[in-house]
Amino acid sequence: MFDQTTGPRVLLKNLREAMAEPLGPQERLDRIVQQIAAAMDAQVCSVYVRRADDVLELFGTYGLKAEAVHQSQLRVGQGLVGTIATAGRPLNLADAEKHPAFAYLPETGEELYKSFLGVPMKRAGRPLGVLVVQTTETKVFDELEVEALETAAMVLSDLVASGDFKGLAQQGTQLDQSGPLSQTGIRLASGIGVGEVVLHEPRVVVEHLFGDDAQVEQNRLAKAVRNVRASVDEMLTRNIDRTEGNSTDDHIEVLESYRMFANDRGWVRRIEEAISQGLTAEAATEKVSQENRSRLLRSSDPYLRERLTDLDDLSRRLMKELIGDTGNPAAEGKNFVIVARTMGAAELLDYDSDYLRGLIVEEAAATSHVVIVARALGIAVVGQLPGFVARAENGDRVIVDGDDGSAHLRPADEVNENYVERVKFRAKREARFDALRDLPAATTDGVNIDLLLNAGLTMDLAQLEHTGAAGIGLFRTELQFMIASRLPRLAEQKEFYKSVIDAAGDKPVTFRILDVGGDKVLPYLHPVKEDNPALGWRAIRFAIDRPGLLRMQIRALLKAADGRRLKIKLPMITAVTEFDQVKAIIDKEVKAQARFGHTLPSEILLGSMIEVPSLLFQLDELMQRADFVSVGSNDLFQFMAASDRTNSYLSNRYNPLSRPFLRALREIVRAADRHSTPLQLCGELAGDPLSALALLGIGYRAISMPPASIGPVKELVRSLELATVSQTVNAALDEPIGGRTITEMLTDFADQHGIPL
């Protein structure tokens, strides 16, 4: 039985002695697994090391067949060992064979053993392998035994990371994961970024595991804990002062909860206990951090799982205090790419945008706040790259390709040279587009096209002048709400909208009413859980049901206009009666403002977005009511095709340039023409030159797009004769489905007429 008073300390002492002996790598590893088996009262102790090819190779064992060493292997995710490597947390089983992930390796002779305890081996967050003990009896290892094995795994991780076992791997393979790595994820923002890696939450590497004097380590810990608690108190005080008079703000509650964890005596006591077992303060903090992570990830309590982020952050703060690391990893004067698992929008703005070239966020989606801000900054962004953070180190060279969704870590020379040429080519294209900035977006046969911007942040407004856009066709008002920690007040909204109108000058701005819900959640508005949020309580449905929120925004917009024209559009209208409801609310607010003597806008134009297919059967009624209409091509297409546009399995299955969808878009043009209702389209279609060619052909004369698309689309517009394009596209749409696709036809047409795509 494991000695609960001296066991951990004796185990660490024995491991320290084994590491100090003048032994070869394999002999040292064999000695270590024998020591662990004896201390754990187990018949088997085995070490599986993760190779660069994501195979877990048996490197050493006490109890299994010796000939299985360096021969037995499991892929990450395969068997119990592979499951631990994937999940990053322990597996404690009384009878291993009964677990659904169990994979029998006959060459090891493990059929004699029942119980199984495996823990991950990590170094500064990097997964390096798995340490396993087994017994012939059926038993569940207790918590102290799990902690002891996790401590032993830290020691082995240090040996793997230091390169002691580099030459032991099966011939033809390598352990070193510092070679080139290329991964493909999802495109989140176009562009190419080249620079050095800056880890957003840099891993703090523990250089020294064993402490010579426990009291010295306890004193170091006590000082670091005091400093961390003081910094948390200062952060909380600063935020309370900033929002004085509103102490119930949600973000203050979050910080108060954070301070509670920082002052938790139990957390510090566990670190002190680990120090008393022979670890340094840093190693003890790392050990307790890993234990907390393993325990909370197993918890079914959502509150406790959410607190994992707080505990991780506190551990990082404490580790940095202990090693004296307070600097920013971004090197001054060097181009860099941020690499992160997750990241907040405000955190991105803390970095020097002059040298920021790209962003890689493992867990980001197209609607993540940080992605929205990154697009506004004009940097390339790629997401959904599992394991990328674990392989990256500060200072590594990295390339992020937002055009194809790939990222290249420590790229080979030929890959690097290829991207250097691509960056030069893009620079030449940008210079060519820049030369078109002040020229009209008119076709060769004299038809003017309004090329408008999609925007949502004040930093977007500089793009109006830079791109030469005709105005802002879509200003997403929800972004102000999404990056805030609380609901923006009336005065804050008014000042924000006024700054947008002021910056636009004599160019038009179309504000979209708050479009939240679905994948755009505002936590301070207590969102409801929905099985299908994309089709749920969102956008105008939410606004109608929360009229107070809608009235506040309308009031802010009316005040911001201050005698100038105000253009507003309503998102996700499903029936014209919803348009009527919102118009009645706006009319009431206008009358109220007039009654109190406030200056009204010189003109108020109210429009509707068409993004729900049901409106296609109410077009005449809608055109009679609205001052203008705007097609939201992203949602309209995904609802018509019943396909999630962010689903990679469907990305090549449905094409927005299909005849059915373009025919629907053409019907909207015809309805607008019948009623002389101004029409525009915003969405991904507008920013793609090939798609823009189709839109112009079926009659759209105002399209709104991201800033980076203005140049390419303007170049296309100025190179074509619209009459010929319209005749060709409409004739192709009238052809039966099943022949040549619209994409093929447009590509050939562009080639024949010298139209740049």
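At a 10 Å Cβ-Cβ cut-off, how would you order K139, K122, fewest neighbours first? Before the final figure, lay out the partial values.
Working: K139 16, K122 22.
If I rank by nearby Cβ atoms, fewest first, I get K139, K122.
Between the DSSP loop rule and a limit of at most 16 other Cβ atoms within 10 Å, which trypsin sites (Lys or Arg not before Pro) in region 361-459 are left? All intermediate terms of the calculation are to be shown ahead of the outcome.
Numbers: sites: R375, R391, R397, R422, K424, R426, K428, R429, R432, R437; in loops: R437.
Sparse-neighbourhood loop trypsin sites (Lys or Arg not before Pro): R437.
Fewest first, what order do V400, V415, V516 take by the number of other Cβ atoms within 10 Å?
Values: V400 30, V415 14, V516 22.
By the 10 Å Cβ count, ascending, the order reads V415, V516, V400.
Which percent, nearest 5, of DSSP beta bridges in region 436-753 are antiparallel?
On the way: 2 of 31 bridges.
Counting only bridges with both partners in region 436-753, antiparallel ones make up about 5 percent.
For a test of the definition: using alpha carbon positions, the gyration tensor, and the 1.5 limit on a/c, classify region 11-167 as rounded, prolate or oblate.
On the way: a/c = 1.37, a/b = 1.21, b/c = 1.14.
Because its axes are fairly even, with a/c under 1.5, region 11-167 counts as rounded.
Which whole-number percentage describes the relative contact order of region 1-93, with Cα contacts under 8 Å and a sequence gap of 6 or more? Let's see the in-between values first.
Details: 111 pairs, mean separation 16.4, N = 93.
After rounding, I find 18 percent.
As a footprinting exposure proxy, order Y48, Y355, Y104 by other Cβ within 10 Å, with the fewest listed first.
On the way: Y48 27, Y355 16, Y104 10.
Lowest count first: Y104, Y355, Y48.
With axes computed from alpha carbons, what is the tilt in degrees of helix 265-276 against the longest principal axis of the chain, rounded to the nearest 10 within 0 to 90?
40
Antiparallel as a % of all DSSP beta bridges within the chain, to the nearest 5? Intermediate results must be reported in sequence, preceding the final value.
On the way: 46 of 88 bridges.
The antiparallel proportion sits near 50 percent.
So what's the angle, to the nearest 10 degrees on a 0 to 90 scale, between helix 214-242 and the longest Cα principal axis of the chain?
20
What angle, in degrees between 0 and 90 and rounded to the nearest 10, separates the Cα long axis of helix 250-262 from the longest principal axis of the Cα atoms of the chain?
Helix 250-262 sits roughly 10 degrees off the main axis of the chain.
So for the chain, averaging the separation of alpha carbon pairs under 8 Å that are six or more residues apart and normalising by length, what relative contact order in percent results? Let's see the in-between values first.
Details: 1336 pairs, mean separation 71.4, N = 757.
Relative contact order, the chain: 9 percent.
With just the Cα atoms defining each centre, how far is region 720-757 from region 15-77? Give it in Å.
First find each Cα centre; the distance between them is then 65 Å.
Cross-link partners among lysines for K13, C-alpha distance below 30 Å, same-chain residues fewer than 8 apart left out?
Cross-link targets: K65, K114, K122, K139, K166, K223, K287, K320.
Please work out the Cα center distance from region 399-425 to region 443-472, rounded to the nearest Å.
Rounded to whole Å, the Cα centres lie 29 Å apart.
Laboratory data are not the source of any read-out in this text; all were calculated from the coordinates shown. All of these numbers come straight from a predicted model, not from anything done at the bench. Cβ atoms come from the backbone with ideal geometry, glycine included; neighbour counts cover every protein chain shown.
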